[in-house]
Amino acid sequence: MIENILNKDAFTSEDIVTLLSAEGTEKQLLFAKSAAVKEQHVQKKVYFRGLIEFSNICRKDCLYCGIRKSNTTVNRYNVSDKEILEAVDFALKSKFASVVLQSGELENTAFVDRVENLLQKISEQTEGKIRVTLSLGEQTEETYKRWFNAGAQRFLLRIETSNADLYKKLHPNDSLHSFEQRLNCIRTLKSIGYQTGTGVMIGLPFQTTEDLANDLLFFKERGIDMIGMGPYIEHEDTPLYEFRDQLLPLKERFELSLKMIAVLRIMMKNINIAATTALQAIDKMGREKALKIGANVIMPNITPGIYRNNYLLYQNKPCTDENADDCSQCLEARVQMSGDEVAWDEWGDSKHFLERRD
Ligand code: 5AD
Ligand code: FES
């Protein structure tokens with residue numbers, strides 16, 4: 001049964017639901033296939049992206065997110081430009097070759113100017129040796145263009161769920177949290193020429209396996225270059241916490257996330273797929289397990305340590321109290337344990353992007 005599906009060229013929504021429900025030997029077949037596809041199409045290489053969470057100040061109020069605007073228990077911080085540039089330098093010296101600048105969502109002139117200026121400085125300071133990914137939420141086309149022209153090559157903007165009705169249940173019902181706007185932004189990013197990344201949360205309240213199957217089909221239809229997706233983890237200071245009794249147990253959310261990654265790798269052979277931190281929050285070896293069955297990117301957190309405890313999108317976030325050096329040293333050993341090699345000093349552009357551009 002599973003073998004027949006795994007041998008197909010393209011999966012239907014029903015096929016994906018069957019794959020996501022695989023257990024025991026069937027699950028092992030799925031994982032063996034996704035591992036083989038990974039090895040054949042993107043090799044056993046893992047790319048590191050140094051993640052700098054430079055501010056947790058956010059204008060939005062997503063009902064699942066720990067740093068939502070209405071959460072008054074959060075200590076809001078803003079890493080200085082100097083510290084950001086130092087973190088970039090650390091990434092370069094650590095041979096990461098890529099950084100991700102992430103923050104809460106802000107849309108004002110000072111913020112847009114600041115990011116543009118930072119991008120120019122990064123490009124000068126590193127002599128263009130480092131790839132910069134932005135993860136700064138919904139912005140106007142003009143802003144996305146300015147940042148692209150200032151040197152950002154990649155952008156991450158998760159769709160969170162491709163089901164518009166479910167999206168509405170996870171966000172306040174206002175124009176600042178519009179599903180259509182989110183879709184438009186992803187389209188715009190692609191048209192500007194960014195390597196475009198998106199993703200979803202897995203195991204959300206009200207989410208069905210069909211929703212998840214449609215998420216994977218959505219990524220394929222939109223020709224996405226990079227995916228970051230991981231388990232939803234409830235946070236007690238958010239409105240969605242109310243529905244915690246309806247969630248799958250954490251371990252099942254974790255297993256479902258691994259299956260999502262495996263099926264996606266088979267469907268989109270040459271994209272970049274991140275082994276996300278949320279996986280590690282549930283299982284200490286979570287990211288390594290994801291690498292084994294299809295993921296090929298890890299984002300070590302290189303935010304200056306003193307700020308790190310305040311960027312808690314969800315609870316039990318790992319590695320918040322270590323310094324960056326500890327993380328990068330132990331990571332290589334762990335990647336090798338999963339049978340992969342770290343691609344030091346390589347940009348690791350999405351092959352999907354390079355091929356669609358040519
Ligand atoms: N659990 C898991 N992931 C979360 N994110 C936000 N809140 C949570 C949570 N409670 C994810 C969202 C967002 C990304 C930056 O973090 O998908 O896009
Ligand atoms: Fe900040 Fe969702 S709460 S973007």
Name, by its number, the condition in (1) within 16 Å of ligand 1 (Cβ to nearest atom); (2) in contact (Cβ under 8 Å) with a residue 12 or more places away in the chain that does not hold for residue 70. (2)
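Report, by residue number, each residue of segment 61-86 that is open to solvent by less than 60 Å² (accessible area, probe 1.4 Å) and outside any loop (DSSP other than H, G, I, E, B). Step through it out loud before you land on a result.
Taking segment 61-86 and keeping what is open to solvent by less than 60 Å² (accessible area, probe 1.4 Å), we get 61-68, 71, 74, 77, 79-81, 83-85.
81, 83, 84, 85, listed by residue number.
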Within segment 193-210, residues being within 16 Å of residue 264 (Cβ to Cβ), open to solvent by 30 Å² or more (accessible area, probe 1.4 Å) and hydrophobic (A, V, I, L, M, F, W, C) number 0
Please specify each residue of segment 145-159 satisfying the condition of being open to solvent by less than 20 Å² (accessible area, probe 1.4 Å) and within 16 Å of ligand 2 (Cβ to nearest atom). 155, 157, 159
Would it be correct to say that residue 113 is within 16 Å of ligand 1 (Cβ to nearest atom) and over 20 Å from residue 291 (Cβ atoms)? no
Which of the residues belonging to segment 31-60 are within 16 Å of ligand 1 (Cβ to nearest atom) and open to solvent by 30 Å² or more (accessible area, probe 1.4 Å)? 57, 59
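The values are calculated or read from the model by the stated rules, or taken from the named source; none is laboratory data. Remember, it's a predicted structure, so these values are computed and weren't measured experimentally. No Cβ is skipped: glycine too gets one built from the backbone with ideal geometry, and neighbour counts run over all protein chains shown. Accessible surface areas use protein heavy atoms only, side chains included; no ligands, DNA or RNA. Shrake-Rupley method; radii C 1.70, N 1.55, O 1.52, S 1.80 Å.
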